[in-house]
Amino acid sequence: MVLECHNISFKYPQSENDVFHNLSYKISEPGFNALFGPSGIGKTSFAKIITGMIRDYKGTINDEGLSTLLYTYNLERLPDWSSIGTHLKKIIPSDKNNQKEKLIDLFGINEIMGQRFSQLSLGQKNRINLIRYLLQDFDLLIMDESLANVDEITREKIILNIKKMFPEKFFLYISHNIIEVSKFCKEILVFRSTHKKPQTVSVNGQNLQLDEKIEKELLEKTMLEIMNVS
(Lines give C-alpha, C1' and ligand atoms only; values in the text may rest on other atoms or scores of the structure.)
Protein backbone atom coordinates (compact mmCIF):
# COMPACT_ATOMS: atom_id res chain seq x y z
CA MET A 1 0.00 0.00 0.00
CA VAL A 2 1.22 3.46 -0.87
CA LEU A 3 0.03 7.04 -1.15
CA GLU A 4 1.90 9.12 -3.72
CA CYS A 5 0.97 12.68 -4.63
CA HIS A 6 2.82 14.10 -7.65
CA ASN A 7 2.97 17.82 -8.50
CA ILE A 8 -0.38 18.71 -6.94
CA SER A 9 -1.50 22.28 -7.64
CA PHE A 10 -4.75 23.78 -6.38
CA LYS A 11 -6.47 27.15 -6.27
CA TYR A 12 -9.76 28.23 -4.76
CA PRO A 13 -12.59 29.11 -7.18
CA GLN A 14 -12.36 32.73 -8.37
CA SER A 15 -8.75 32.97 -7.11
CA GLU A 16 -5.79 33.71 -9.37
CA ASN A 17 -3.15 32.29 -7.03
CA ASP A 18 -2.47 28.66 -6.17
CA VAL A 19 -2.96 27.58 -2.57
CA PHE A 20 -0.04 25.25 -3.25
CA HIS A 21 1.90 24.51 -6.42
CA ASN A 22 3.57 21.28 -7.57
CA LEU A 23 3.30 19.68 -4.13
CA SER A 24 4.61 16.12 -3.97
CA TYR A 25 4.24 13.76 -1.02
CA LYS A 26 4.58 10.04 -0.34
CA ILE A 27 3.60 7.65 2.46
CA SER A 28 4.60 4.03 1.99
CA GLU A 29 4.18 2.58 5.49
CA PRO A 30 1.31 2.41 8.01
CA GLY A 31 1.40 4.63 11.08
CA PHE A 32 0.90 8.25 12.11
CA ASN A 33 2.14 11.07 9.90
CA ALA A 34 1.20 14.73 10.16
CA LEU A 35 0.36 17.85 8.20
CA PHE A 36 1.43 20.95 10.13
CA GLY A 37 1.26 24.68 9.46
CA PRO A 38 -0.74 27.86 10.10
CA SER A 39 -4.44 28.20 9.31
CA GLY A 40 -5.28 28.92 5.69
CA ILE A 41 -2.10 27.40 4.31
CA GLY A 42 -3.83 24.51 2.49
CA LYS A 43 -3.63 21.52 4.85
CA THR A 44 -7.35 20.78 4.77
CA SER A 45 -7.58 21.32 1.01
CA PHE A 46 -4.70 18.90 0.48
CA ALA A 47 -6.38 16.36 2.78
CA LYS A 48 -9.63 16.60 0.83
CA ILE A 49 -7.78 16.18 -2.45
CA ILE A 50 -6.21 12.98 -1.12
CA THR A 51 -9.59 11.54 -0.11
CA GLY A 52 -11.33 12.62 -3.33
CA MET A 53 -13.55 15.28 -1.73
CA ILE A 54 -11.89 17.90 -3.95
CA ARG A 55 -11.35 16.93 -7.59
CA ASP A 56 -10.59 20.24 -9.24
CA TYR A 57 -6.78 20.13 -9.01
CA LYS A 58 -3.76 19.51 -11.19
CA GLY A 59 -1.34 16.63 -10.69
CA THR A 60 -1.73 12.92 -10.00
CA ILE A 61 -2.41 10.75 -6.97
CA ASN A 62 -1.53 7.07 -6.68
CA ASP A 63 -3.23 5.33 -3.76
CA GLU A 64 -2.44 1.75 -4.77
CA GLY A 65 -3.78 -0.69 -2.22
CA LEU A 66 -5.62 2.01 -0.25
CA SER A 67 -9.21 1.18 -1.14
CA THR A 68 -10.96 3.29 1.53
CA LEU A 69 -9.71 6.77 2.44
CA LEU A 70 -11.69 8.69 5.06
CA TYR A 71 -11.61 12.27 6.32
CA THR A 72 -12.92 13.47 9.69
CA TYR A 73 -12.83 16.91 11.28
CA ASN A 74 -13.55 18.34 14.70
CA LEU A 75 -16.92 20.02 14.01
CA GLU A 76 -18.84 17.07 12.56
CA ARG A 77 -22.28 16.44 14.00
CA LEU A 78 -24.43 13.39 14.62
CA PRO A 79 -28.24 13.23 14.32
CA ASP A 80 -29.96 14.16 17.58
CA TRP A 81 -32.91 11.80 17.26
CA SER A 82 -31.49 9.15 19.60
CA SER A 83 -28.89 8.61 22.29
CA ILE A 84 -25.23 8.22 21.43
CA GLY A 85 -25.31 4.57 22.48
CA THR A 86 -28.31 3.81 20.26
CA HIS A 87 -26.77 5.63 17.31
CA LEU A 88 -23.47 3.72 17.57
CA LYS A 89 -25.35 0.44 17.91
CA LYS A 90 -27.20 1.11 14.66
CA ILE A 91 -24.17 2.10 12.57
CA ILE A 92 -21.43 -0.18 13.96
CA PRO A 93 -21.38 -3.81 12.75
CA SER A 94 -22.02 -6.34 15.53
CA ASP A 95 -18.69 -8.06 14.88
CA LYS A 96 -16.97 -4.87 16.07
CA ASN A 97 -18.81 -4.62 19.38
CA ASN A 98 -15.80 -5.67 21.43
CA GLN A 99 -13.62 -3.10 19.68
CA LYS A 100 -16.33 -0.46 20.16
CA GLU A 101 -16.56 -1.11 23.90
CA LYS A 102 -12.79 -0.96 24.23
CA LEU A 103 -12.63 2.40 22.44
CA ILE A 104 -15.49 3.81 24.53
CA ASP A 105 -13.61 2.83 27.68
CA LEU A 106 -10.23 4.13 26.47
CA PHE A 107 -11.79 7.41 25.33
CA GLY A 108 -13.42 7.87 28.74
CA ILE A 109 -17.00 8.32 27.52
CA ASN A 110 -18.92 5.43 29.10
CA GLU A 111 -21.07 7.81 31.11
CA ILE A 112 -22.46 9.71 28.08
CA MET A 113 -23.84 6.77 26.09
CA GLY A 114 -27.39 7.63 27.17
CA GLN A 115 -27.13 11.30 26.16
CA ARG A 116 -27.93 12.96 22.85
CA PHE A 117 -25.25 14.59 20.74
CA SER A 118 -26.46 18.13 21.45
CA GLN A 119 -25.98 17.56 25.18
CA LEU A 120 -22.26 16.79 24.89
CA SER A 121 -19.25 19.04 25.34
CA LEU A 122 -17.06 19.73 22.31
CA GLY A 123 -14.43 17.30 23.57
CA GLN A 124 -17.02 14.55 24.02
CA LYS A 125 -18.36 15.21 20.52
CA ASN A 126 -14.82 14.92 19.13
CA ARG A 127 -14.33 11.54 20.77
CA ILE A 128 -17.66 10.11 19.63
CA ASN A 129 -17.03 11.19 16.03
CA LEU A 130 -13.57 9.67 16.03
CA ILE A 131 -14.90 6.34 17.31
CA ARG A 132 -17.39 6.31 14.40
CA TYR A 133 -14.54 6.49 11.91
CA LEU A 134 -12.17 4.12 13.67
CA LEU A 135 -14.82 1.39 13.55
CA GLN A 136 -15.31 1.68 9.80
CA ASP A 137 -13.30 -0.37 7.34
CA PHE A 138 -10.62 2.07 6.22
CA ASP A 139 -7.06 2.02 4.96
CA LEU A 140 -6.24 5.71 5.49
CA LEU A 141 -7.90 8.01 8.00
CA ILE A 142 -7.21 11.73 7.92
CA MET A 143 -7.86 13.35 11.31
CA ASP A 144 -8.28 17.10 10.80
CA GLU A 145 -8.03 18.65 14.29
CA SER A 146 -10.19 15.69 15.36
CA LEU A 147 -9.17 15.97 19.03
CA ALA A 148 -8.79 19.74 19.20
CA ASN A 149 -11.21 20.13 22.12
CA VAL A 150 -9.95 17.18 24.17
CA ASP A 151 -7.64 17.79 27.12
CA GLU A 152 -3.94 17.03 26.64
CA ILE A 153 -3.73 13.96 28.91
CA THR A 154 -6.77 12.28 27.35
CA ARG A 155 -5.62 13.20 23.84
CA GLU A 156 -2.24 11.56 24.41
CA LYS A 157 -3.88 8.41 25.76
CA ILE A 158 -6.19 8.23 22.76
CA ILE A 159 -3.46 8.72 20.15
CA LEU A 160 -1.12 6.15 21.70
CA ASN A 161 -3.88 3.55 21.97
CA ILE A 162 -5.02 4.17 18.40
CA LYS A 163 -1.48 3.48 17.24
CA LYS A 164 -1.43 0.24 19.21
CA MET A 165 -4.89 -0.95 18.14
CA PHE A 166 -4.53 -0.11 14.42
CA PRO A 167 -0.88 -0.85 13.54
CA GLU A 168 -1.66 -1.68 9.90
CA LYS A 169 -3.63 1.48 9.17
CA PHE A 170 -2.42 4.74 7.61
CA PHE A 171 -3.16 7.95 9.51
CA LEU A 172 -2.65 11.59 8.55
CA TYR A 173 -2.96 13.85 11.58
CA ILE A 174 -3.61 17.58 11.08
CA SER A 175 -2.83 19.67 14.14
CA HIS A 176 -1.58 23.10 15.18
CA ASN A 177 0.06 21.54 18.25
CA ILE A 178 3.79 21.38 17.56
CA ILE A 179 4.49 19.24 20.65
CA GLU A 180 1.85 16.73 19.60
CA VAL A 181 2.99 16.21 16.03
CA SER A 182 6.65 16.10 17.11
CA LYS A 183 5.97 13.50 19.75
CA PHE A 184 3.54 11.10 18.07
CA CYS A 185 4.19 11.22 14.32
CA LYS A 186 6.79 9.57 12.12
CA GLU A 187 6.98 12.31 9.53
CA ILE A 188 5.65 15.86 9.69
CA LEU A 189 4.93 17.63 6.40
CA VAL A 190 5.37 21.31 7.30
CA PHE A 191 3.39 23.74 5.13
CA ARG A 192 5.07 27.13 4.71
CA SER A 193 3.93 30.46 3.28
CA THR A 194 3.46 30.44 -0.48
CA HIS A 195 6.36 32.86 -1.01
CA LYS A 196 8.80 30.41 0.61
CA LYS A 197 10.49 27.78 -1.50
CA PRO A 198 9.97 24.89 -1.18
CA GLN A 199 6.44 25.31 0.08
CA THR A 200 6.58 22.12 2.16
CA VAL A 201 9.43 20.54 4.13
CA SER A 202 9.39 17.09 5.76
CA VAL A 203 10.68 16.68 9.32
CA ASN A 204 11.14 13.35 11.11
CA GLY A 205 9.11 13.05 14.32
CA GLN A 206 9.73 10.95 17.41
CA ASN A 207 6.86 8.48 16.70
CA LEU A 208 6.26 7.68 20.38
CA GLN A 209 4.52 4.36 21.10
CA LEU A 210 2.43 3.23 24.05
CA ASP A 211 4.53 2.42 27.14
CA GLU A 212 7.56 4.24 25.74
CA LYS A 213 9.13 7.32 27.29
CA ILE A 214 10.09 10.35 25.25
CA GLU A 215 13.58 11.79 25.41
CA LYS A 216 13.16 15.47 26.14
CA GLU A 217 16.23 16.50 24.18
CA LEU A 218 15.12 14.66 21.04
CA LEU A 219 11.60 16.09 21.29
CA GLU A 220 12.97 19.61 21.63
CA LYS A 221 15.26 19.02 18.66
CA THR A 222 12.31 18.01 16.48
CA MET A 223 10.25 21.00 17.61
CA LEU A 224 13.13 23.35 16.88
CA GLU A 225 13.56 21.88 13.41
CA ILE A 226 9.87 22.40 12.67
CA MET A 227 10.01 25.99 13.86
CA ASN A 228 13.14 26.69 11.81
CA VAL A 229 11.57 25.47 8.56
CA SER A 230 8.13 27.00 9.18
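A few remarks follow.
- Some residue of the range 131-139 being in contact (Cβ under 8 Å) with a residue 12 or more places away in the chain and either surrounded by fewer than 16 Cβ atoms within 10 Å (Cβ to Cβ) or more than 26 Å from SER94 (Cα to Cα) (or both): yes
- Qualifying strands (runs of 3 or more DSSP E) (wholly inside the range 17-68; at least 2 residues being buried (at least 18 other Cβ atoms within 10 Å of the Cβ), touching a helix residue (DSSP H, G or I) at 6+ places or on another chain (Cβ under 9 Å) and in contact (Cβ under 8 Å) with a residue 24 or more places away in the chain): 20-27, 31-36
- Counting only residues that are modelled with pLDDT under 95, within 30 Å of ASN22 (Cα to Cα) and of a type in the set (S, T, N, Q), the range 63-117 holds 2 of them.
- If you go through the range 1-16 and keep only what is surrounded by fewer than 13 Cβ atoms within 10 Å (Cβ to Cβ) and in a strand (DSSP E or B), you end up with just ASN7.
- Just one residue in the set GLU168, GLU156, GLU187 is buried (at least 16 other Cβ atoms within 10 Å of the Cβ), within 20 Å of LYS100 (Cα to Cα), among the charged types (D, E, K, R) and at pLDDT 95 or above; that residue is GLU156.
- Boolean, ASN177 is over 22 Å from GLY52 (Cα atoms), without any contact (Cβ under 8 Å) to a residue 60 or more places away in the chain and more than 13 Å from the chain's Cα centre (by Cα): no
- LEU23 falls short on exactly one of the conditions (1) touching a Cys at 6+ places or on another chain (Cβ under 8 Å); (2) on the phi > 0 side of the Ramachandran plot, and that condition is (2).
- Condition check for ASN207: of a type outside the set (A, V, I, L, M), free of Cβ contacts under 8 Å to residues at least 40 places away in the same chain, surrounded by 13 or more Cβ atoms within 10 Å (Cβ to Cβ) and in contact with a helix residue (DSSP H, G or I) (Cβ under 9 Å, 6 or more places away or on another chain): no
- Residue check, GLU145 touching a strand residue (DSSP E or B) at 6+ places or on another chain (Cβ under 9 Å), charged (D, E, K, R) and either surrounded by 17 or more Cβ atoms within 10 Å (Cβ to Cβ) or free of Cβ contacts under 8 Å to residues at least 24 places away in the same chain (or both): yes
The values are calculated or read from the model by the stated rules, or taken from the named source; none is laboratory data. If you're wondering where the values come from, they're calculated on a predicted model, not measured in any experiment. Quick reminder, even Gly has a Cβ in these numbers, built from the backbone with ideal geometry, and neighbours come from all protein chains shown.
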